[in-house]
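Chemist: Take this structure, written in structure tokens, and hold onto it; I'll ask about it next.
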Amino acid sequence: MAFLLQFSIVQMTGQEDSVNFETILSKKTLGLNENLRVDFKMNKDGDNFNPPDFKGFRVIGGPNQSVSNMWVNGKRTFSKSYSYFLSPLGKGSLTIGQATIEIDGQVFKTLPLKVNVSESVSISKDPDDPSYIVNENLHLVAEVSNTNPFLNEGISIIYKLYFSPQINVTNVGEIETPEFENFWSQNIKIPRLQIERGSYKGDSYNYVTWKKTVLYPQKTDKLEILPLSLDVSVDVPTNRRDFFGNRIYNQVSKKVTAGKRIIQVKELPVNSPESFNGAVGDFEIDLRTTKTDLNASESLQATVEISGKGNLKLFSPPSLQVPSSLEKYDPEYNEKVSTNITGMKGSISNTYTLVPQFQGKYPINAVEFTFFNTSSKKYETLKSKETVINVLEGPTSFESNKPSTDSSIISNNILPSINQFKFIKTNPELIKINSKPFIYSISFYLLLLLPIVIMIIIIVFFKSKKITSSEREEHNSRRANKLARKYLSEAKKNLDKKDLFYVSLEKALHNFLKSKLSIETTDYSKQRISELLLEKNIGKEPKQLFITLIENCEYARYTPASNVAINKDYENAVKVISEIDKVI
């Protein structure tokens, strides 16, 4: 029986506020094949817990956290612990280092503890020993669908964890995961673990399916699948009972492994056809085009598709051969493959874009595809149907209308028509361009004077378009006045809508100032406006009226206004703009 031994207490002096932070080991001496449980326990809640590095051990479980909070005779008893399950990596004296935690602003540490690891010990066969009970009632099994497949033939491996109804599995963690070297592999997702009933060595067991993987061997001869190892926490019932008569359970951590599996991979039969490219399974081939009647320079798509069940992701569809008068572009690969426990199934395809160059009828030869059928254990060759492309309009070629049954002739280049290049002159009557010297000729002087003439024309053109600064200011003033009248016009339309009226009125006043005083938006403050109006000799009354209108626009955003006030503000805006405009 694995009883807990308590060691290492860090205590803070005091009465009721004393803090205990301690390390509890399940055993002080253990065999190389045994596991060690370590609990870090405290009597007050803390933060920032840091475990030791567990040098010399492999952490196979944890941390598991448990909290106990009880009141007995009005006195509170609190307990909190972090539990780890460790497996020693070697023999000798190993050390469990210090753990730290922060409680009430202070950091507490445990003392390091020594653990002696000896040779592997024989497992007790005491039926009351929890370790023996777990060893006899917990098993990890790897079920392989086929241990003697062909090269590239799909197989599956399913890992099942069997446990008898006598024990309860509380936690499972994966320690070692096989990498499936020399296999193409894909894990099958298990949505959630479900307990099922089954049989192990003739006895009734519960089991869960832990892992499913599909494998395709990529080499022949003996291939090794490394073991999968799990760390399982198990609650084992004892003969003891608590105060209320409930059975007491002991928790035991157990490492289980499925063991190595050897897969003997067979070679494929020799003398495979030339069209064989590694496809293994059961497949079908299809060649289809988007259209068969079109004009020259139009395009169509031709698709070569392989569908069925097998190693679809491990080979490519065969290539498409077309006559040279059909321009062929690089194919677009498409894959619609799903993988379940029985292997891959679906389809892969290459889609080619073809563009005919001449009118006529052009056959696309059947595509040949060979695969190894694992059911019949023979190579099978399939051919797609032949397709004829009918090009209705376009340039003619003297070969295009000749029927041909020889694919080698069709695949050769199509000779162009004899009259195709008739428009090219064979006697052009060319004249030597250097028969007369170019320099100092009339053309030479004309080209020399041409840049000067162009510059003079450009200067005259821009001078004729140039306007004086006064004309520019007058133009800007007219434009700003037009904008001001426009906004006043909008304000007049919105006399019955307070918000829109004051927005339009404020824009009109702003644009008027911008045109008359050259004031920018950054300078648009009442003090600055007052100073500029004073510089322009604007009278006190119109100046004050303008400032008042600006303030009314600001107040209108937050306070209600009557129709009388709105009409009055509009009339005052017309009046003040006219008076300021006359003075300026």
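The values are calculated or read from the model by the stated rules, or taken from the named source; none is laboratory data. Given the structure is predicted, the values throughout are model-derived calculations rather than measurements. Here the Cβ is made from the backbone with ideal geometry for all residues, glycine too, and neighbour counts use every protein chain on show.
Chemist: Which one is nearest to residue 159 (Cα to Cα) among residues in the stretch 262-304 that are touching a Pro at 6+ places or on another chain (Cβ under 8 Å) and among the charged types (D, E, K, R)?
Modeler: Among them, the one singled out is 266.
Chemist: To continue, here is another question. Pull out all pairs, ordered by first then second residue, where Cβ-Cβ is under 6 Å, the residues are six or more apart or on different chains, the first lies in the stretch 151-174 and is at negative phi, and the second is of a type in the set (Lys, Arg) and crowded, with 16+ Cβ neighbours inside 10 Å.
Modeler: Correct list of pairs: 158/212; 159/211.
Chemist: Of the residues 38, 59, which single one is modelled with pLDDT of 90 or more, touching a strand residue (DSSP E or B) at 6+ places or on another chain (Cβ under 9 Å), in a strand (DSSP E or B) and surrounded by 17 or more Cβ atoms within 10 Å (Cβ to Cβ)?
Modeler: Going through 38, 59 in turn, just one is modelled with pLDDT of 90 or more, touching a strand residue (DSSP E or B) at 6+ places or on another chain (Cβ under 9 Å), in a strand (DSSP E or B) and surrounded by 17 or more Cβ atoms within 10 Å (Cβ to Cβ): 38.
Chemist: Does any residue of the stretch 149-158 turn out to be outside the structural domain of residue 215 (by TED's automatic domain parsing), surrounded by 13 or more Cβ atoms within 10 Å (Cβ to Cβ) and β-branched (Val, Ile, Thr)?
Modeler: no
Chemist: Take residue 278 and tell me if it is over 30 Å from residue 175 (Cβ atoms) and without any contact (Cβ under 8 Å) to a residue 40 or more places away in the chain.
Modeler: no
Chemist: For the stretch 316-349: of the residues being small (Gly, Ala, Ser) and in a strand (DSSP E or B), which is surrounded by the fewest Cβ atoms within 10 Å (Cβ to Cβ)?
Modeler: 338
Chemist: Among the residues of the stretch 172-191, is any over 33 Å from the mean Cα position of the chain (by Cα), in a strand (DSSP E or B) and either assigned by TED's automatic domain parsing to the domain that holds residue 259 or surrounded by 13 or more Cβ atoms within 10 Å (Cβ to Cβ) (or both)?
Modeler: no
Chemist: Taking the condition of being touching a residue at least 40 places away in the same chain (Cβ under 8 Å), assigned to a strand (DSSP E or B) and not hydrophobic (A, V, I, L, M, F, W, C), how many residues in the stretch 76-113 meet it?
Modeler: 11
Chemist: Do the conditions hold for residue 137, that is, is it under 30 Å from residue 337 (Cα atoms) and of a type outside the set (A, V, I, L, M)?
Modeler: It is false that residue 137 is under 30 Å from residue 337 (Cα atoms) and of a type outside the set (A, V, I, L, M).
Chemist: Inspect the stretch 300-307 for any residue being free of Cβ contacts under 8 Å to residues at least 24 places away in the same chain and either closer than 30 Å to residue 212 by Cβ or of a type in the set (D, E, K, R) (or both) and give the result as yes or no.
Modeler: no
Chemist: Between 181, 143, which is out of contact with any helix residue (DSSP H, G or I) (no Cβ under 7 Å at 6 or more places or on another chain) and farther than 30 Å from residue 379 by Cβ?
Modeler: Exactly one of 181, 143 is out of contact with any helix residue (DSSP H, G or I) (no Cβ under 7 Å at 6 or more places or on another chain) and farther than 30 Å from residue 379 by Cβ, namely 143.
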